[in-house]
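So the structure is just underneath, and the comments pick up after that.
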Protein chains: 2
Amino acid sequence: MNFNKEDILLSHKRIASWIHNTPVLTSGSINQISGADLFFKCENFQKIGAFKMRGALNAVLSTSKENSQKGFVTHSSGNHAQAVALSSKIANTKAYIVMPKGAPKIKIKAVKGYGAEVTLCENNERSRTDTCEKIINKTGANFIHPYDNDKVILGQSTCSKELYDEIEKLDYVIPPVGGGGLASGTILSTFFFSKSTKVILAEPEKANDAFISFNSKKLIPVSKPDTIADGLKTSLSEKTFDIIMEGTDEIITVSEEEIINAMRMIWERLKVVCEPSCSLPLAAVLKNKEKFKNKRVGLILTGGNVDLNNLPF
Amino acid sequence: MNFNKEDILLSHKRIASWIHNTPVLTSGSINQISGADLFFKCENFQKIGAFKMRGALNAVLSTSKENSQKGFVTHSSGNHAQAVALSSKIANTKAYIVMPKGAPKIKIKAVKGYGAEVTLCENNERSRTDTCEKIINKTGANFIHPYDNDKVILGQSTCSKELYDEIEKLDYVIPPVGGGGLASGTILSTFFFSKSTKVILAEPEKANDAFISFNSKKLIPVSKPDTIADGLKTSLSEKTFDIIMEGTDEIITVSEEEIINAMRMIWERLKVVCEPSCSLPLAAVLKNKEKFKNKRVGLILTGGNVDLNNLPF
C-alpha cells in the first residue's frame, strides 16, 4: 500500500470538525430476516447527504493556501458536485462545477446554493473534460477527481475508520463500488484498523466492471451501465483497481430488483431515507444468507439524496 | 409533582438494555431555513419504530413476577400495541392486544409477529373496553393504558432524559401532544434534569384538545378529531392534563398543510423516515421563526411507522 496509518489519522483530524461522525444503526427485524448481525454506518446523515463530503473536504483542506485561493473545479452531476461546492465554501474559496445539460434542476440548484459557479456542458466525456480544462486554464483552479485522487480516497477511508472505532470485531464490511473511491478507502482503514475484517464489495449486475475486472485481474471499464443505482455507474480507475485487487475478499453483484427490495427494507425497517446505491450492501447480504449467517457485518449506507417524487416503489 | 428524579433514573436503568439510546441528528440546511439550532431526537429508530416502547416496557418490567406471568392487555391500533407485544415477549409472557376490526392488516401482522394474541373488536370505545375486560376477567392479565399510567409516563420521560445527557443548554424542547404521555414524561425530565429548558407542545389544529384545555384550564376532550397525524388523535387524561398544566410553557397548533410540509422537509433534508405525528415540532418552529430565532431547540421525532404506499406527498 502507498498509504500508511498516519495518513488516515491525519485526514480524519483535518476534516473531523466539519463533518458528522454519523451514527451506526441496527435493526432487530432486519437482523432476524438476514440471520446476521448488521451494523449500518449512516452516511446519508453526512453533510450534503453523502459520504462524498469526506473525500472532497480532505482534498480541499490538503491544498496549500496559495493554490486553494484559485478555487476548485470538478465535473459531476451527483453528490461529489455538492461536496466540492460545500468544501470550497468552508475553505472560503470558489468552486467551479461542470454539469451535463440534462442534470436535474434540483441538483444544479443545490450546488448553486453552496455558492458554486455551475457551467453546463454536453453529456459526454469529451465535453466534460474540455469544459474543465478551459476553466482551469482561465482560473488556475485545482481539479478534484471524484475518486482517482489520493486525498479523496483518504477522506473516504475515515468513514469505516469511525465504524471500527465504534463497532468491534466485524467479520465483514461491505461498501458499494462505483468508481472505487469508497471501496479503496474502506480497504485502507480495514488494513490498518481492523485487520481481521474482510472487505466485500457490492455492485449492480448492470454496472459490473469491478466484478469483471477483479475476477479477470485486468481493468475493464463498463460501457453503457444502466442501473437505478445511479451513483455506481462509474468505472474503476487504475489507482482504485490496484487497491481493490490488493484488499478485496469478494465482489458480489445484485440485480435491479434486489436493489429495490433492499432499499424498501431500509426505508421501512431502518426508517432511513437512502438512495438506491445505498442498498447494495444489504442486497448482497440477503442474497447470500448462508455466507453471512451469524456474522457481524458493517454496511456503508452511502447517501440519502433521492427524489421523493420518483421512488421505485 | 408526584414523581421524583430517582423514579426517572430507575426507569431508565430498568429499560436501558432493551431499548436504543437513539441518535440526535442535526441538519445544517434545516437550521438555515428555520434560523434556529435544532436537535432531533430520533425515536423513529427506537425498537418497534417509536418512543412507545419506552413506556410500555417500563410498565411491563415494573410488574411483579407473579402478576407478569398472567400477561398484559391493551387496546391500540398503533405503536402502543406493538410496544406492549414486544415488551411482553421480552418479559417472557403473553400479550393480548385488542384492535378495531378496520385496523390495517400490516399492523395486525406486526403485532402478531411479536407473538401477541390479537382480538378484534368494534371500532368504538364501548366495544374496546368490554373486550379488554373480558380478557382480563378470563386471564387476569394486566392492563397497560397507552398514557394514563405512571410507569408509562416515566418510561417516556427517559427519551428527553437521554436528550439532555447529550445536548446541553437547550432553550426549548418540543414533543408533539396526543394523549399526553410523552408530553408528561418530557415535562418530568425537564423539571429534574434541565430546569432552564422550556417545554412547548405541538398539536394538530384538528385535534386541539390539549390547546383548548390548557388555555381554558379545564380538561375538555376533543370530539371527532380528523388529522393526518393519526398518533395524536387521542385526548388528554386527568393525569396527563395535570402534569401538562404544571409544566408547559405554551401549546402551538399547526395545520394539516404545515404538518405535511414539515414531514417532507424531514424526509428530504434530515433523511429520516417519520410519521406525520413526528413533524409537528418542526412545523411549530417553522410557524414561529421569530420566537425560536437563534434558540437551541430539542425536537422529539416520535416514530417512523408509515405506509410507503400511502404518502401524503
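Structure values in brief
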{"item": "Peptide-level mean, for B:247-259, of C-beta atoms on other protein chains within 10 Å", "result": "0"}
{"item": "Other copies of residue B:133: label-to-label distances in nm, shortest first, labels 7 Å along the beta-carbon direction", "result": "8.6"}
{"item": "Residue B:309 versus residue A:136: modelled label distance in nm, points set 7 Å from Cα along the beta carbon direction", "result": "5.2"}
{"item": "Neighbour cut-off at most 14 other Cβ (10 Å), DSSP loop, GluC sites (Glu not before Pro), region A:79-148", "result": "A:122"}
{"item": "Within a Gaussian network of chain A (alpha carbon springs, distance under 10 Å), most fluctuating of A:87, A:277, A:62", "result": "A:62"}
{"item": "Top of B:134, B:295, B:41 by mean-square fluctuation, Gaussian network on chain B, Cα under 10 Å", "result": "B:134"}
{"item": "Selected from A:124, A:67, A:58 as most flexible by GNM, with chain A as the system and alpha-carbon contacts under 10 Å", "result": "A:124"}
{"item": "Convex hull projection area averaged over all views, region A:53-143, Cα basis, nm²", "result": "5.0"}
{"item": "Proximal charge balance of residue A:135 [Cβ under 14 Å; K/R count +1, D/E count -1]", "result": "+2"}
{"item": "Of all chain B residues, the one whose C-beta is nearest the axis that brings B onto A, in angstrom", "result": "B:23, 2"}
{"item": "Semi-axis lengths, Å, region A:203-313, gyration tensor of Cα atoms, sqrt of 5 times eigenvalues", "result": "24, 18, 12"}
{"item": "Ratio of the Cα radius of gyration of the protein assembly as shown to 2.2 N^0.38 Å, where N counts its residues", "result": "1.01"}
{"item": "Net charge over other residues, Cβ less than 15 angstrom from the Cβ of residue B:34 (K, R count +1; D, E count -1)", "result": "+3"}
{"item": "Positive dipole terminus of the protein assembly as shown, leading residue within A:298, B:99, B:191 (C-beta point charges)", "result": "B:191"}
{"item": "Signed unit charges on C-beta, dipole axis of chain A, positive-most listed residue A:272, A:71, A:227", "result": "A:71"}
{"item": "Per-residue mean of C-beta atoms belonging to partner chains within 10 Å, peptide A:23-29", "result": "4"}
{"item": "Residue A:5-residue A:65 FRET efficiency (beta carbon distance; Förster radius 25 Å; 0.05 resolution)", "result": "0.40"}
{"item": "Average silhouette area of chain B, convex hull of alpha-carbon atoms, in square nanometres", "result": "14.6"}
{"item": "Normalised contact order of chain B, rounded percent, pairs of Cα under 8 Å and 6 or more residues apart", "result": "22"}
{"item": "Two-site label geometry, residue A:295 and residue B:126: point separation in nm, points 7 Å out along Cα→Cβ", "result": "6.0"}
{"item": "Relative contact order %, region B:1-122, counting alpha carbon pairs below 8 Å whose residues are six or more apart", "result": "18"}
{"item": "Proximal charge balance of residue B:236 [Cβ under 14 Å; K/R count +1, D/E count -1]", "result": "-2"}
{"item": "Span-like helix ranges in chain B, DSSP H, alpha carbon extent 15 angstrom or more, Kyte mean at least -1.0", "result": "B:5-15, B:79-90, B:150-166, B:181-193"}
{"item": "Under 26 Å from residue B:94, Cα to Cα: lysines that are on another chain or at least 8 residues apart", "result": "B:13, B:47, B:52, B:65, B:70, B:105, B:107, B:109, B:112, B:134, B:138, B:151"}
{"item": "At 7 Å out from Cα toward Cβ: residue B:31 inter-copy label distances (nm, ascending)", "result": "3.3"}
{"item": "Virtual spin-label span in nm between residue B:143 and residue B:168, 7 Å along Cα→Cβ", "result": "4.6"}
{"item": "Cβ-vector label at 7 Å, residue B:104, separations to other copies in nm", "result": "2.4"}
{"item": "Where Rh is the Kirkwood radius over Cα pairs, Rg/Rh for region A:226-280", "result": "1.06"}
{"item": "Theoretical ellipticity at 222 nm over chain A - DSSP helices of four or more residues, -39500 (n - 2.57) apiece, nearest 500", "result": "-13000 deg cm²/dmol"}
{"item": "Disulfide-incompatible cysteines by the Cβ rule (no partner under 4.7 Å) in chain A", "result": "A:42, A:121, A:132, A:159"}
{"item": "Ranked packing of B:27-36, B:181-190, most packed first, by mean Cβ within 10 Å", "result": "B:181-190, B:27-36"}
{"item": "Fraction of antiparallel bridges per DSSP, chain B only, in percent to nearest 5", "result": "10"}
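Each reported figure results from applying straightforward, stated rules to the coordinates on display, with no laboratory input. None of the values given here were measured: they were computed from a predicted structure. So basically every Cβ, Gly included, is an ideal-geometry build from the backbone, and we count neighbours across all protein chains shown.
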